[in-house]
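The values are calculated or read from the model by the stated rules, or taken from the named source; none is laboratory data. Just so you know, these numbers come straight off a predicted model, no measurement behind them. Note that each Cβ is placed from the backbone with ideal geometry, even for glycine, and that neighbours are counted across all protein chains shown.
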Amino acid sequence: MTVFVLSHNLQVQDSNVPSLTPAELAEGLSAACPSIQAASALNHGHWMIRIEAAVSVEQLAQELAHGWLAMRSQKGHKADHVVMALGGRKDTDGAPGSPLEKGFWGVDVVESRSPDEFLQAINWPALKQARPEDAVFEVIANSAAKA
């Protein structure tokens, strides 16, 4: 079972791309991503949703990024930006009270119109290089490249 614990980083400042509650995200992603078997809203300062699927990490990451754009479209929101799923496997014990447990994947879902600038601002290339290759992923989806 693949478990992602999601945070959301909305970089798009547009009333046609509103922020969504954890409950709205859990419901919308369940509808947009057929592989998701369970999605639950979280009550945490950083992590918003936990999703579970019986597919590979790579498959779920692709489906999540593309499904996020589909969810936006289904809700009547503008989807003319990029959705990035930036994930890292938790290889140590989780902090007490954190939904991100050892073996789960912490995934920051970023909505941006300037993905390269965002990745440079967070020093993503160095963050990726500091982790084993199988412990990190990056999926970038845009409305022109739907799965």
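Name the residues in the stretch 114-128 that are under 23 Å from Leu60 (Cα atoms) and touching a strand residue (DSSP E or B) at 6+ places or on another chain (Cβ under 9 Å), would you? If you could, list the steps in order and put the result at the bottom.
Restricting attention to the stretch 114-128, the residues satisfying the condition of being under 23 Å from Leu60 (Cα atoms) are 115-116, 118-119, 124-125, 127-128.
Within the stretch 114-128, Pro115, Phe118, Leu119, Trp124, Leu127, Lys128 meet the criteria.
In the stretch 75-97, which residue that is touching a Phe, Trp or Tyr at 6+ places or on another chain (Cβ under 6 Å) and crowded, with 20+ Cβ neighbours inside 10 Å is farthest from Leu60 (Cα to Cα)?
Keep residues of the stretch 75-97 that are touching a Phe, Trp or Tyr at 6+ places or on another chain (Cβ under 6 Å), which gives 83, 87, 89-90.
Filter again for crowded, with 20+ Cβ neighbours inside 10 Å, leaving 83, 87.
Working: Val83: 14, Gly87: 11 Å.
In this case the residue turns out to be Val83.
Select from the stretch 74-91 the residues that are of a type in the set (Gly, Ala, Ser) and touching a residue at least 12 places away in the same chain (Cβ under 8 Å) and write down the one among them that is farthest from Ser143 (Cα to Cα).
In the first step, residues of the stretch 74-91 are kept if they are of a type in the set (Gly, Ala, Ser); the result is 76, 79, 85, 87-88.
Imposing the further condition that a residue be touching a residue at least 12 places away in the same chain (Cβ under 8 Å) reduces the set to 79, 85, 87-88.
On the way: Ala79: 6, Ala85: 15, Gly87: 21, Gly88: 24 Å.
Out of the qualifying residues, it is Gly88.
Any residue that is in contact with a Phe, Trp or Tyr (Cβ under 8 Å, 6 or more places away or on another chain), of a type in the set (Ser, Thr, Tyr) and under 25 Å from Ser143 (Cβ atoms) - is there at least one of those in the stretch 55-65?
First, pick out the residues of the stretch 55-65 that are in contact with a Phe, Trp or Tyr (Cβ under 8 Å, 6 or more places away or on another chain): 57-58, 60-61, 64.
With of a type in the set (Ser, Thr, Tyr) added as a condition, the list becomes none.
Within the stretch 55-65 (the criterion being in contact with a Phe, Trp or Tyr (Cβ under 8 Å, 6 or more places away or on another chain), of a type in the set (Ser, Thr, Tyr) and under 25 Å from Ser143 (Cβ atoms)), the answer is no, since none of the residues qualifies.
Looking at Asp108, Asp116, which one is touching a residue at least 24 places away in the same chain (Cβ under 8 Å) and of a type in the set (Asp, Glu)?
Values: Asp116 fails: touching a residue at least 24 places away in the same chain (Cβ under 8 Å).
Of Asp108, Asp116, the one residue that is touching a residue at least 24 places away in the same chain (Cβ under 8 Å) and of a type in the set (Asp, Glu) is Asp108.
I need a count of the residues in the stretch 1-59 that are among the acidic types (Asp, Glu) and within 16 Å of Pro99 (Cα to Cα). So that I can check it myself, show each step before the final result.
Initial filter on the stretch 1-59 (among the acidic types (Asp, Glu)): 14, 24, 27, 52, 58.
Next, only the ones that are within 16 Å of Pro99 (Cα to Cα) stay: 52.
Counting residues in the stretch 1-59 that are among the acidic types (Asp, Glu) and within 16 Å of Pro99 (Cα to Cα) gives 1.
May I ask you to list the residues in the stretch 1-30 that are buried (at least 16 other Cβ atoms within 10 Å of the Cβ), within 12 Å of the chain's Cα centre (by Cα) and closer than 18 Å to His81 by Cβ?
Leu6, Ser7, His8, Leu25, Leu29
Within the stretch 126-147, track down each residue that is at pLDDT below 90 and of a type in the set (Phe, Trp, Tyr). Give the derivation first.
Step one: of the stretch 126-147, the residues at pLDDT below 90 are 143-147.
Across the stretch 126-147, there are no qualifying residues.
Between a residue in the stretch 4-29 that is in a loop (DSSP other than H, G, I, E, B) and any residue that is β-branched (Val, Ile, Thr) and at pLDDT 95 or above, which pairs come within a Cβ distance under 9 Å, given they are 6 or more apart or on different chains?
The qualifying pairs are Gln11/Val110.
Kindly list the number of the only condition in (1) in contact with a Cys (Cβ under 7 Å, 6 or more places away or on another chain); (2) on the phi > 0 side of the Ramachandran plot that fails for Gly76.
(1)
For the stretch 98-147, which residues satisfy the criterion of being surrounded by 14 or more Cβ atoms within 10 Å (Cβ to Cβ) and of a type in the set (Gly, Ala, Ser)?
Ser98, Gly106, Ser112, Ala135, Ala141, Ser143
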